[in-house]
Amino acid sequence: MKNLRLLTWIDVRRIISHRTKYGTNLPEGVVRMRSFSDALEVGLGSDKSIDNAKSALKEWFGNSYQEDQSIIQLDLGNETLSVEFLPEEKIYTTNNIRPFWQEIVYIDANLAKESKFISVIKLPNSFSEKPNLLAFYSFNDGVERTLNLAAYILALLDRAKQLDNPIKILVIDAALNAPGLTYWNIQEKQKPLISYVDFLELLHDSPIDGEQALSFIAQELNKSSKQEGKSTVYFIPACIDDKQLLDIDILPEHILSHPNEGWELGDSIHKLGKAVGADYVLIDLGSGLNKISSPILLDARFQRFLVTTINEPSVAGTTLCLSQMKKVAPAKTSVNDNKYYDPSVIISMLTPELIASPAYEEVLTRLNSAYRQSEQENNSTMLEIAENYFVPELLYIDNWEEAHLKLASTSIMEIATTWANKQVDFNKIILENLDPVLVEKLQVRATSKGRSLLEEVKVIVEEAIQYENTSVPQ
């Protein structure tokens with residue numbers, strides 16, 4: 001916050017957020033500090049704590065804080081912001097830091113893992129059953145983000161067809177600032193009946209119970225589902241029509257305003273996927289730093305793919321996102337258990353000449369450094385980086401059919417196929433090598449426990465190993 005000028009009351013709020021780590025580290029005896037357009041309110045736990053509050057304001061604002069007049073002098077004209085001390089207030093419970101850029105930015109990455117701050121940055125509860133959640137994001141548009149998402153959908157469908165193992169996929173266009181998939185889908189005969197805007201509005205202020213609302217959305221999705229061979233694809237566009245897109249009243253920030261840990265949006269997307277029986281949910285988060293993307297980008301339960309080119313604006317924005325995402329990075333043990341995921345980066349529109357250049361090596365270094373947890377983890381491989389080559393034919397695609405045709409022989413499709421194969425092969429091995437009667441029993445047990453077949457087998461194996469270790473004579 002160096003050299004920040006006090007142009008408005010918002011700058012006062014920024015300095016206080018920075019100094020108090022978004023209200024989690026207030027001066028002793030101070031229970032809250034909130035800046036408004038007409039005053040800075042300082043809540044005091046007792047009359048004695050006013051001295052601590054004044055001392056902090058002097059340190060933070062220097063001569064701009066005029067104690068005798070109880071004002072903060074702004075840097076435009078003679079404008080000031082009144083400082084009001086409100087004693088004998090109730091003690092407020094410190095709120096958890098929610099997954100918003102404007103909150104997480106004020107938490108120091110090195111302190112985020114300390115016990116004092118773990119209590120205010122809580123990872124969401126992991127999911128014990130399908131669907132698997134994937135999110136695609138880019139800081140800039142025009143970097144093939146949507147094409148990468150499409151490739152992963154196609155790869156999953158192709159693999160399901162090869163194995164004769166039908167799957168269900170829910171695709172969500174959450175790119176409310178520039179919805180590409182929504183306009184791709186215009187030419188489809190089966191028109192969606194529910195949109196992502198509808199989904200957010202029903203979550204925020206549904207006239208019926210929340211579970212009933214999700215059931216209603218699932219019913220509407222079933223009416224417009226599309227068969228791809230034996231598999232099923234559900235699609236939620238950003239909007240039903242342009243008027244809805246231009247008149248968005250509810251955003252994810254409203255969903256997260258409810259008293260919870262701040263991960264409601266991810267919870268609701270998972271519940272919706274479960275309601276339609278989806279095996280996978282793929283969501284296009286769009287581009288830019290906004291509250292549409294942050295609740296998902298900061299949610300480690302999603303497999304998150306950040307797509308970038310090596311152009312400076314794209315790299316700078318991607319590293320900025322990664323530097324904030326590492327503050328809520330999951331523990332390595334959780335990643336190994338497939339409960340949480342570190343993000344992946346996809347560098348697109350590359351050529352052999354670009355890859356061989358010093359500039360490319362610098363980009364790799366910057367990306368890895370942005371997510372590195374500490375200086376002691378220089379050799380960490382938590383951040384996976386994939387490379388996609390530039391293909392001129394991909395510059396013009398305006399529907400699903402063209403995407404399928406033009407992606408077929410590209411590196412984008414190759415990477416997506418490799419990923420898809422890893423998702424399904426283990427299930428195939430189980431089905432081919434276990435007695436069918438046993439598989440059926442395992443499936444019944446898995447269903448009763450709310451787990452997938454794969455997850456149930458893992459649990460049984462872990463229990464067997466634990467039993468074997470405890471029963472071995474010392």
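The values are calculated or read from the model by the stated rules, or taken from the named source; none is laboratory data. These numbers come from a predicted model, not from an experiment. All Cβ positions, even for glycine, are placed from backbone atoms using ideal geometry, and neighbour counts span all protein chains on display. In case anyone asks, the SASA skips ligands and DNA or RNA and just uses the protein heavy atoms, side chains included. Shrake-Rupley method; radii C 1.70, N 1.55, O 1.52, S 1.80 Å.
When both residues are 6+ apart or on different chains and their Cβ atoms are under 9 Å apart, which pairs have a first residue that lies in segment 317-332 and is assigned to a helix (DSSP H, G or I), and a second that is open to solvent by less than 10 Å² (accessible area, probe 1.4 Å) and charged (D, E, K, R)? Qualifying pairs under 9 Å: Met325/Arg304; Val328/Asp299.
Given the criteria at pLDDT 85 or above, of a type outside the set (S, T, N, Q) and either closer than 22 Å to Leu154 by Cα or surrounded by fewer than 18 Cβ atoms within 10 Å (Cβ to Cβ) (or both), does Glu402 qualify?
On the way: at pLDDT 85 or above: yes; of a type outside the set (S, T, N, Q): yes; either closer than 22 Å to Leu154 by Cα or surrounded by fewer than 18 Cβ atoms within 10 Å (Cβ to Cβ) (or both): yes.
The answer is yes for Glu402.
Yes/no matrix, rows are residues, columns are (1) touching a residue at least 40 places away in the same chain (Cβ under 8 Å); (2) closer than 19 Å to Pro295 by Cα; (3) in contact with a Ser or Thr (Cβ under 9 Å, 6 or more places away or on another chain):
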| position | (1), (2), (3) |
| --- | --- |
| Pro166 | yes, no, yes |
| Ala174 | yes, yes, yes |
| Leu203 | yes, yes, yes |
| Lys226 | no, no, yes |
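Tell me yes or no: at least one residue of segment 3-10 is part of a helix (DSSP H, G or I) and either in contact with a Leu (Cβ under 9 Å, 6 or more places away or on another chain) or closer than 25 Å to Arg98 by Cα (or both).
Step one: filter segment 3-10 for residues part of a helix (DSSP H, G or I), giving 9-10.
This time we only want the ones that are either in contact with a Leu (Cβ under 9 Å, 6 or more places away or on another chain) or closer than 25 Å to Arg98 by Cα (or both), so: 9-10.
Yes, that holds for at least one residue.
Taking every residue in segment 44-60 that is on the phi < 0 side of the Ramachandran plot and of a type in the set (D, E, K, R) and pairing it with any residue that is modelled with pLDDT of 95 or more and surrounded by 17 or more Cβ atoms within 10 Å (Cβ to Cβ), at least 6 positions away or on another chain, the pairs with Cβ-Cβ distances below 7 Å are Lys58/Tyr65. Pairing residues of segment 75-87 that are without any contact (Cβ under 8 Å) to a residue 60 or more places away in the chain with residues that are among the charged types (D, E, K, R) and surrounded by 14 or more Cβ atoms within 10 Å (Cβ to Cβ), at Cβ distances under 7 Å and at least 6 apart in sequence or on separate chains, gives Glu84/Glu41; Leu86/Glu41. When Leu289, Leu306, Leu297 are checked against the criterion of being of a type in the set (A, V, I, L, M, F, W, C) and open to solvent by 10 Å² or more (accessible area, probe 1.4 Å), Leu289 stands alone in meeting it.
Could you tell me which residue of segment 357-371 is most open to solvent (accessible area, probe 1.4 Å), considering only residues that are hydrophobic (A, V, I, L, M, F, W, C) and within 14 Å of Asn311 (Cα to Cα)? Break it down into steps so the answer makes sense when it comes.
If we filter segment 357-371 for residues that are hydrophobic (A, V, I, L, M, F, W, C), which is where we start, we get 359, 363-364, 367, 370.
Still in the list and also within 14 Å of Asn311 (Cα to Cα): 359, 363-364, 367.
Numbers: Ala359: 53, Val363: 9, Leu364: 35, Leu367: 0 Å².
The residue in question is Ala359.
Does Ser215 count as of a type in the set (Gly, Ala, Ser), open to solvent by 10 Å² or more (accessible area, probe 1.4 Å) and in contact with a Leu (Cβ under 9 Å, 6 or more places away or on another chain)? No: the conditions fail for Ser215. Cβ-Cβ contacts under 8 Å between residues 6 or more apart (or on different chains), taken from a first residue in segment 272-285 that is on the phi > 0 side of the Ramachandran plot to a second residue that is open to solvent by 10 Å² or more (accessible area, probe 1.4 Å) and part of a strand (DSSP E or B), are listed as Gly277/Lys168. Say we look at segment 178-194 and pick out the residues that are within 23 Å of Leu289 (Cβ to Cβ) and in contact with a Pro (Cβ under 8 Å, 6 or more places away or on another chain); which of these is surrounded by the most Cβ atoms within 10 Å (Cβ to Cβ)? Out of the qualifying residues, it is Leu181.
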